[in-house]
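Reading through the structure tokens given below for one structure.
The values are calculated or read from the model by the stated rules, or taken from the named source; none is laboratory data. Not measured: the values here are computed from a predicted model. Glycine also receives a Cβ, built like all others from the backbone with ideal geometry; neighbour counts cover every protein chain displayed. SASA here: full protein model, heavy atoms, side chains in, ligands and nucleic acids out. Shrake-Rupley method; radii C 1.70, N 1.55, O 1.52, S 1.80 Å.
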Amino acid sequence: MKKNKPPSSRRAEIQHIYQCYASGQTNLPACALLRFLHMEQMELTANQETAEGLIDRYEIEETARASRSLTFEGFLRYMESKDCCVFDQSHTSVYQDMDQPLCNYFISSSHNTYLTGDQLIGKSHLDAYVSALRKGCRCLEIDCWDGPDMEPVVYHGYTLTTKILFKDVITTVEQHAFEVSAYPVILSLENHCSQEQQVVMAQYLTSILGEKLLKAPLDLPTSGELPSPNDLKYKILIKNKKLRPHSETEEIAGREESEDEEEDDEEEDEEPLTKSKFWSPKKTGSKKKALSDLVIYTRSVKFISFSHSKDNQNFYENTSMGEKKAHKLAKASGPEFVQYNQRFLSRIYPAGSRTSSSNYNPQEFWNVGSQLVALNFQSVGLPMDLNNGCFQDNGGCGYVLKPAVLRSSQRSFDPNCCQHRLRPTHLLLKVISGSNLPVPRSGKALDPFVRVEIQGVVSDSRRRNTDTVKNNSLSPRWDADMNFSISVPELCLIRFSVRDQTGLLSSEFVGQYTLPFTSMKKGYRWVPLLSRDGSSLDPASLFIFVWYS
């Protein structure tokens, strides 16, 4: 007896769509395909040429190609192709304006980049820098300490994390900085080195990075604002403290504001685990000027208040603050935070109390326009899913242009209020089915359900679940309609996650996919699923219908 091939989970749904548009004919003619593209896929610019191009690309039967039509197999091939992926394929290349000042972009940023594990006993490894750069990260953190034989080392101070040589980190950065993106890399130095070893650091930065290192301000037609990503292509910037002119008594030049010292400013109850030992100011002479001179557009200064910054901060100066301080400011002074980030770069980093290297939700700080929202790239979970989803946009180049609401100085924007739009965007998501979901090691079929989360401004953040389908990993079908009202769609990320119902109130992660609302295509689309660490689970996917207005 002939065994039936296990059907594609989407096959029945796609067969139904095909038959609707074929109207009883054996094949789907180009004119009917065009009608489908207009009516269902919302491809309003599609024309006869577009339809015939799809036939040429996806139809392999000669007679159908000759008659300018699609067989069902050809239509299925099209529906399962990148052309029908939920992520807009035109966004897989750089398409945004890259000539605006750096402060107008979200910049993919890593915290404690050298770590492969937690920040107490985890390993420091050069591979962590390679991995971050290959994920499109454009701001790397380097914690520098005095090492033996005048060789500065990188590790998490006052902990049992292993040490790597500063010169090896810089060599690794030089080799991999521009593998996936041409846009500038910022090296955020948290510098605890003596003057003597700072001189060594400056020598390594200059000799190893060579022409890639930005050593002087650019000759730009616009003065008083930061250069653009295009202005700084293939350049590496040093983010650090800098000596003030004519000063010989300022504290050590390269000393970045210690993250743990800043945590003290937030009046934490607990003693930070990595309390820094500060040197008292003393006469330093000119030899430590070498490192200071390498700080051009990313000079670190202490944040005092928004009003103080407005009156005193220069465009080339930036601030760093811990998540708790930033959270308080975002809640109490959202519009001021937005205005601050229209002029200056701000870096947010995880609290020192996150000893396991867990992450906060970055969305809260993107909502106020913070550019350098730094996460532990080695830690999997929702925050890194959001980061990866946000920065797959614009060709994965690590720079995403902030929405107009965060760039416009004409009107105030408060991400904590919900009356942003007279007419919100209505989003309908129909979660139809799943396909080839990964089975756990036990071999037992899943009891899967799909969770759809909207991450955006407070009033837009919502989540909905489908019902659970019992005992079906291959082709679960949900046919669940979900409606969302979204006031600021340009700040929204949509996260699809498949979970296995393991108990009445318990479930386990199976796979997920996150993308910006602005990169989501309308119509019948498939959603590629990714594992916990962000790698592909192909052929596992969801089949959905998207409509919004």
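In region 1-106, what trypsin sites (Lys or Arg not before Pro) fall in a loop by DSSP, with at most 13 other Cβ atoms inside 10 Å? Present the calculation step by step, with values, prior to reporting the outcome.
On the way: sites: Lys2, Lys3, Arg10, Arg11, Arg35, Arg57, Arg65, Arg68, Arg77, Lys82; in loops: Lys2, Lys3, Arg10, Arg68.
Sites meeting the loop and neighbour criteria: Lys2, Lys3.
How far apart, in nm, are the 7 Å Cα→Cβ label points at Lys82 and Val380?
Label at Lys82, label at Val380, 2.6 nm between them.
Over the Cα atoms, compute the radius of gyration (one decimal) and Dmax (the largest Cα-Cα distance, rounded to a whole number) for region 366-470, in Å.
18.0, 58
How long are the semi-axes of the equivalent ellipsoid of region 450-509, defined as square roots of 5 times the Cα gyration tensor eigenvalues? Whole Å, largest first.
For region 450-509, the ellipsoid semi-axes come out as 26, 12, 9 Å.
How large is the Kirkwood hydrodynamic radius of region 284-389, in angstrom, based on all distinct alpha carbon pairs?
Kirkwood hydrodynamic radius for region 284-389: 15.1 Å.
In degrees from 0 to 90, rounded to the nearest 10, what is the angle of the helix 30-39 Cα long axis to the longest principal axis of the chain?
50
With the other protein chains left in place, how much accessible area per residue, in square angstrom, belongs to the chain at a 1.4 angstrom probe? Could the numbers behind the result be given before it?
On the way: 23600 Å² over 549 residues.
Result: 43 Å² per residue.
Multiply the residue separation of Trp547 and Ala332 by 0.36 nm, subtract the distance between their alpha-carbon atoms, and state the gained length in nm to one decimal.
Full extension from Trp547 to Ala332 adds 73.9 nm.
Give me Rg/Rg_expected for region 81-134, where Rg uses Cα atoms only and Rg_expected = 2.2 N^0.38 Å with N residues.
Ratio of Cα Rg to 2.2 N^0.38 Å: 1.69.
Compute the Rg/Rh shape ratio of region 505-544: radius of gyration over Kirkwood radius, all on alpha-carbon atoms.
Working: Rg = 11.6 Å, Rh = 11.4 Å.
With Rg and the Kirkwood Rh in hand, the quotient comes to 1.02.
For the pair Ser531/Thr159, report the inter-label distance in nm, with labels modelled 7 Å from Cα in the Cβ direction.
Simple spin-label model gives 2.5 nm for this pair.
Tell me, what are the semi-axes, in whole angstrom and largest first, of the equivalent ellipsoid of region 1-120 as set by the roots of 5 times the Cα gyration tensor eigenvalues?
40, 23, 12
Could you list log10 I(q)/I(0) for region 428-549 at q = 0.16 Å⁻¹, which the Debye formula gives when each Cα is one point scatterer?
-0.73
Give a quick list of trypsin sites (Lys or Arg not before Pro) in region 499-549 that DSSP marks as loop, anything other than H, G, I, E or B, with at most 14 other Cβ atoms within 10 Å. Numbers along the way, then the final one.
Values: sites: Arg499, Lys521, Lys522, Arg525, Arg532; in loops: Lys521, Lys522, Arg532.
Of the trypsin sites (Lys or Arg not before Pro), the ones in loops of region 499-549 whose Cβ has at most 14 other Cβ atoms within 10 Å are Arg532.
If I compute solvent accessible area with a 1.4 Å probe over the protein chains, what percent of it on the chain is carbon and sulfur?
Roughly 51 percent of what the probe reaches on the chain is carbon or sulfur.
List, in order, the whole-Hz ³J(HN,Hα) value for each residue of region 307-316 obtained from phi through the Karplus relation with A = 6.51, B = -1.76, C = 1.60 and θ = phi - 60°; use x for Gly and Pro.
With coefficients 6.51, -1.76 and 1.60, one gets 5, 5, 4, 4, 8, 10, 7, 8, 4, 8 Hz.
Work out from phi, with θ = phi - 60° and the Karplus expression 6.51 cos²θ - 1.76 cosθ + 1.60, the ³J(HN,Hα) of each residue of region 449-461, listed in order in whole Hz, and give x for Gly and Pro.
Here the 3J(HN,Hα) series is 9, 10, 10, 10, 10, 9, 10, x, 5, 3, 5, 9, 6 Hz.
What is the gain in length, in nm to one decimal, between Gln342 and Asn416 on full extension, counting 0.36 nm per residue of separation less the C-alpha to C-alpha distance?
Numbers: separation 74, 0.36 × 74 = 26.64 nm, distance 1.77 nm.
Length gained between Gln342 and Asn416: 24.9 nm.
Tell me, what does the Kirkwood hydrodynamic radius of region 99-186 come to in angstroms if you use every pair of distinct C-alpha atoms?
After inverting the pairwise mean of 1/r, the radius is 13.6 Å.
Going by alpha carbons, how many degrees (0 to 90, nearest 10) lie between the helix axis of 166-176 and the longest principal axis of the chain?
Helix 166-176 and the main axis of the chain meet at about 30 degrees.
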